Every structure is written in structure tokens, then in C-alpha cells.
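The values are calculated or read from the model by the stated rules, or taken from the named source; none is laboratory data. Quick caveat, the model's predicted, so the values are computed rather than measured. Positions of Cβ are backbone-derived with ideal geometry, glycine not excepted, and every protein chain shown enters the neighbour counts.
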Amino acid sequence: MLGVELFPELWKLRTDLSTPPAQKAPESASFALMDGGLSAAPTPPELRGRMRHLLPCSMTPATTRWRLPAMPTTLLRRLPALVTMCLPSLATALTGLGLLAAASSVLAGPVLDRIQTSSTLRVCIWPDYYGITWRNPRTQQLAGIDILLSAELARDLKVKLVHVDSSFPKLIDDVTQDRCDIAMHAVAVLPARAEKLRFSQPYLQSDICGITTRTSRIKSFDDIDKPGVQVAVQAGTFMEPVMAAGLKQATLVVVKPPQTREQELEAGRVDVFMTDFPYSRRLLDNADWARLVSPTQPFHTLPYAYAVKPGDDAWLKRVDEFVAAIKRDGRLEAAARQHGLGEIVVRK
């Protein structure tokens with residue numbers, strides 16, 4: 001129990017109002033922070049000595065101007081001001097007593113508090129995202145930059161890691177409905193998503209590129225927006241709204257599961273599909289028929305970040321601290337290069 005010796009008259013008024021005469025608390029009592037709020041407990045003499053040294057606000061002449069009325073409602077109105085006045089000295093006292101770490105856990109937000117209580121970090125991933133959070137269909141093993149980095153975050157928090165299958169169409173619901181604590185699958189920061197989610201500092205960035213066949217009539221990026229060209233995008237990805245707004249002559253084809261962009265392209269139902277740099281690596285690494293069509297100048301570069309539920313600044317701050325740490329200590333760079341993503345790392 002954390003004792004903080006405050007105003008004798010405040011304590012006397014509190015005990016006069018709530019304690020029967022036969023059960024009055026000792027004169028050298030202190031306020032204690034309990035689950036239900038402030039209560040009283042005796043302060044040991046040795047602690048009182050240290051607190052007098054560390055908490056000048058409890059004995060400076062300025063405190064004598066707080067003459068509290070005997071009405072409980074007035075006391076409650078004045079109490080926040082009293083506590084606020086002593087907060088700087090309280091932080092010093094906690095540090096001096098070695099209790100600041102314990103106090104910080106009380107100030108943790110709901111998500112971080114749940115993670116610490118359950119010793120589990122739940123991370124939403126999209127298991128079809130090659131190089132990011134990809135599940136090998138043959139081995140069922142997960143691989144990618146964010147598989148590595150989610151493990152690093154769990155290790156930093158000293159908790160167990162649980163991956164939760166998600167997707168871009170389900171992203172907002174999965175995060176806001178507490179199906180996971182954080183989405184770690186290179187989430188592009190879009191205005192529509194930013195209205196519903198909160199994002200960490202970016203750690204990757206990518207432009208849009210095209211994938212076509214080696215025999216396709218699409219020879220350059222400028223050939224895509226032409227009459228008669230069928231352009232595929234995956235439903236729910238950021239390419240969908242970008243290409244819907246950008247195409248003036250070509251026809252947009254939105255591909256929804258169980259169909260895939262690759263199947264539509266190989267079957268000849270579309271001429272090209274739009275993706276980002278990480279996903280393009282999947283075909284270029286595994287399909288000899290695929291050809292990359294890159295823009296000759298920036299087309300629509302977007303930052304990628306981690307997404308969390310709104311309303312928990314403490315958790316977002318902790319995630320930002322993690323992103324800063326992996327940039328600083330080289331873990332981000334190493335994970336990116338391991339999966340061929342070194343050229344899209346945001347290093348600052």
C-alpha cells in the first residue's frame with residue numbers, strides 16, 4: 001500500500017465524517033491509493049521521515065491556506081485540486097522509494113493492462129500477404145517481416161504471442177471489436193482507415209505497381225489506363241479506392257475471395273492486376289510467367305504502419321516506442337532484408 005502524508009486537517013475532516021468516535025484512525029495516518037479510491041492507513045515512522053524529505057508540498061506554509069469546510073460535497077470538489085498540487089512531488093517520492101514502475105502500471109491503458117494481465121499479445125495478420133505475414137499453404141508455417149517483428153514486440157513486452165487471422169476487409173472490425181490488440185500486416189495509412197483506427201509511426205512505404213504476363217499487351221505503366229484494358233484489384237486493399245479514382249479509360253475489376261488476382265490474370269479474364277511492392281515479390285519469386293510493371297515516377301506512394309483501436313493513447317505510445325526502437329537497433333532493417341523488402345524501409 002502506498003502512503004502519502006497529506007494535510008492533517010483534511011485527514012481529520014475525513015475521519016470525523018466517516019469514522020465512529022470509538023474507531024478514529026491514528027493521528028499520523030496517510031492517504032492510500034486502493035482499488036476503490038483514496039483510503040487511510042497508518043504511515044510508519046521511517047516512511048514519514050522519507051516522505052517529509054521528498055514531499056515538501058505536505059508541509060510548506062502554502063498548504064495552510066487550504067481550510068476545508070466540513071461539508072462532504074465541498075471536500076470532494078476541493079480534493080482534485082489538492083491532489084494535483086502534490087503530483088510533481090508525488091512522482092519524485094515514488095522514484096525515491098523505487099515505486100515508480102508499480103505506479104506506471106496503474107496508469108497503463110486498457111489494452112496494455114489486458115496484455116500484461118493475460119500475458120498474451122494478440123496480433124491480427126493477413127496470412128496471404130507474401131513477405132509480410134504469409135502462411136505457406138504446404139507447410140502452414142508463417143513467414144514475413146511482421147511475423148518476425150510481432151515476435152519482437154511480444155518479447156519486448158515479455159508476453160506470449162498469438163496470431164489472429166484477419167484481412168483488409170475485416171481489419172477495422174477486428175481491431176475495434178477487440179479480436180486483436182494490434183494489426184501488424186503492413187497496413188497502408190488511408191484516410192478512411194484513419195477515421196476508424198489509430199496508426200503508429202510508419203515503418204515501410206510502397207507505391208502501386210502492376211503484375212502482368214510476359215506475353216501481355218501491357219508493356220509499360222502508361223499502357224494500363226487504356227480503353228479495353230481490364231485492371232484487377234483485390235477487394236479491401238488500398239489499391240481498390242486508388243484505382244477506382246485514377247482509372248479514366250480502363251475497366252476496374254474487383255476480385256473477391258475465393259477468386260484471386262493471379263487466377264484471373266492466368267485465365268485471361270484481366271490484363272493486369274495492381275498490387276504493392278511486397279506482394280509483387282510473391283509472383284516474381286515463384287512464377288516465371290509474371291512480369292512487373294512499375295511506374296516511371298511516383299504514382300501513389302503510401303506509408304505502412306501498425307493499427308490499434310482508438311481511445312488508448314498509452315498503448316499507441318508503447319507501439320510507437322517499439323517502432324522507434326526497431327529502427328534504432330537494426331531489427332527492422334534485418335527483418336526487411338531477410339524478406340527482400342530493404343528498399344521500402346522507412347528508416348527515420
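Take K226 and decide whether it is loosely packed, with under 13 Cβ neighbours inside 10 Å and either closer than 27 Å to Q177 by Cβ or not aliphatic (A, V, I, L, M) (or both). Spell out how you get there, then give the answer.
Working: loosely packed, with under 13 Cβ neighbours inside 10 Å: no; either closer than 27 Å to Q177 by Cβ or not aliphatic (A, V, I, L, M) (or both): yes.
Considered against the rule, which asks whether it is loosely packed, with under 13 Cβ neighbours inside 10 Å and either closer than 27 Å to Q177 by Cβ or not aliphatic (A, V, I, L, M) (or both), K226 comes out as no.
Quick check: anything in region 215-234 in a loop (DSSP other than H, G, I, E, B) and either under 20 Å from the mean Cα position of the chain (by Cα) or under 30 Å from L316 (Cα atoms) (or both)?
There is no residue in region 215-234 that is in a loop (DSSP other than H, G, I, E, B) and either under 20 Å from the mean Cα position of the chain (by Cα) or under 30 Å from L316 (Cα atoms) (or both).
Working carefully through the options A235, A250, A186, A245, find the one that is surrounded by 18 or more Cβ atoms within 10 Å (Cβ to Cβ) and not assigned by TED's automatic domain parsing to the domain that holds E152.
Values: A235 fails: surrounded by 18 or more Cβ atoms within 10 Å (Cβ to Cβ); A186 fails: not assigned by TED's automatic domain parsing to the domain that holds E152; A245 fails: surrounded by 18 or more Cβ atoms within 10 Å (Cβ to Cβ).
Every option except A250 fails the conditions.
Checking V270 against (1) outside any loop (DSSP other than H, G, I, E, B); (2) touching a strand residue (DSSP E or B) at 6+ places or on another chain (Cβ under 7 Å), only one condition comes out false. Which one?
(1) is the only condition that V270 fails.
Limited to region 235-246, what total is found for residues that are part of a helix (DSSP H, G or I) and either farther than 26 Å from I125 by Cβ or not acidic (D, E) (or both)? Before the answer, list the steps.
Narrowing region 235-246 to residues part of a helix (DSSP H, G or I): 239-246.
Narrowing the set further to residues that are either farther than 26 Å from I125 by Cβ or not acidic (D, E) (or both) leaves 239, 241-246.
Number of matching residues: 7.
Working carefully through the options A93, A151, A143, A70, find the one that is in contact with a Leu (Cβ under 8 Å, 6 or more places away or on another chain), modelled with pLDDT of 95 or more and of a type in the set (G, A, S). Please lay out each step first, then the result.
Details: A93 fails: modelled with pLDDT of 95 or more; A143 fails: in contact with a Leu (Cβ under 8 Å, 6 or more places away or on another chain); A70 fails: modelled with pLDDT of 95 or more.
Matching residue, one of A93, A151, A143, A70: A151.
So for region 187-200 (the condition being touching a Lys or Arg at 6+ places or on another chain (Cβ under 8 Å) and among the polar types (S, T, N, Q)), does at least one residue qualify?
No, because not a single residue in region 187-200 is touching a Lys or Arg at 6+ places or on another chain (Cβ under 8 Å) and among the polar types (S, T, N, Q).
From (1) outside any strand (DSSP E or B); (2) free of Cβ contacts under 8 Å to residues at least 40 places away in the same chain; (3) under 34 Å from the mean Cα position of the chain (by Cα), pick out the condition that doesn't hold for S280.
(2)
Do we have any residue at all in region 136-159 that's acidic (D, E), in contact (Cβ under 8 Å) with a residue 12 or more places away in the chain, surrounded by 21 or more Cβ atoms within 10 Å (Cβ to Cβ) and within 25 Å of R282 (Cβ to Cβ)?
Taking region 136-159 first, the residues acidic (D, E) are 146, 152, 156.
With in contact (Cβ under 8 Å) with a residue 12 or more places away in the chain added as a condition, the list becomes 146, 152, 156.
With the extra rule that they be surrounded by 21 or more Cβ atoms within 10 Å (Cβ to Cβ), the set shrinks to 146.
Filter once more, keeping what is within 25 Å of R282 (Cβ to Cβ): 146.
Within region 136-159 (the criterion being acidic (D, E), in contact (Cβ under 8 Å) with a residue 12 or more places away in the chain, surrounded by 21 or more Cβ atoms within 10 Å (Cβ to Cβ) and within 25 Å of R282 (Cβ to Cβ)), the answer is yes, since at least one residue qualifies.
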